[in-house]
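Only one structure is covered here, and it is reproduced in the block below.
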Amino acid sequence: MDEHFDRDVGFFYSVAHESDALYLEEINAAAAAHPGFHPHITDSSRDGFLTAEKAASVMPSNAELWIYICGPPTMMTGLAKGFQQLGIPASRIRYEQFNVR
């Protein structure tokens with residue numbers, strides 16, 4: 001993100017334990033530099049798994065949202081289904097899949 005960053009972005013980062021989260025300093029610096037960047041860290045050992053409902057509870061309800069998901073297949077499938085149940089069209093849900101080896 002540079003000085004021309006003009007988006008309103010909710011960034012949801014889910015980890016098993018907050019101590020597992022990488023790049024927190026960089027994420028927080030980006031949030032400080034860009035008022036439209038809103039990071040949300042989910043510690044699943046404390047907060048439970050990230051769900052579409054939890055994410056939607058802090059997102060603007062009147063926006064035409066686009067959802068971008070990256071993570072393990074089970075998580076992405078669950079989030080995509082959850083966002084669709086909340087009324088986000090499948091055409092506005094994008095994902096990048098990876099597998100842990």
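Please treat every number below as a calculation from the coordinates, not as lab data. This is a predicted model, so every value here is computed, not measured. Glycine also receives a Cβ, built like all others from the backbone with ideal geometry; neighbour counts cover every protein chain displayed.
For the stretch 20-27, putting each phi into the Karplus relation 6.51 cos²θ - 1.76 cosθ + 1.60 with θ = phi - 60° gives couplings of 7, 6, 8, 6, 4, 4, 5, 4 Hz, in residue order, rounded to whole numbers and with x for Gly and Pro.
Building the convex hull from the alpha-carbon atoms of the chain and averaging its projection over directions returns 7.2 nm². For residue 37, the amide hydrogen comes within under 5 Å of the amide hydrogens of 9, counting only partners 5 or more places away or on other chains and with H modelled in the peptide plane.
Counting only Cβ charges, +1 for Lys and Arg and -1 for Asp and Glu, the dipole size of the chain around its Cα centre is about 540 debye. Taking θ as phi - 60° and the Karplus parameters 6.51, -1.76 and 1.60, the scalar couplings of the stretch 69-77 work out to 10, 9, x, x, x, 4, 5, 5, 4 Hz in sequence order, x denoting glycine and proline. Remark: the residue 38-residue 7 segment gains 10.1 nm on full extension, using 0.36 nm per residue and subtracting the alpha carbon distance.
Here is the list for the stretch 25-65: GluC sites (Glu not before Pro) lying in DSSP coil, each with at most 14 other C-beta atoms within 10 angstrom of its C-beta, are 64.
Amide H contacts under 5 Å for residue 59: none, restricted to partners 5 or more places along the chain or on a different chain, H placed in the peptide plane at 1.01 Å from N.
Using C-alpha pairs under 8 Å with a sequence gap of at least 6, the mean separation divided by the residue count of the chain gives a relative contact order of 25 percent. Taking amide H as placed 1.01 Å from N in the peptide plane, residue 95 has its amide H under 5 Å from the amide H of 69, each at least 5 places away in sequence or on another chain.
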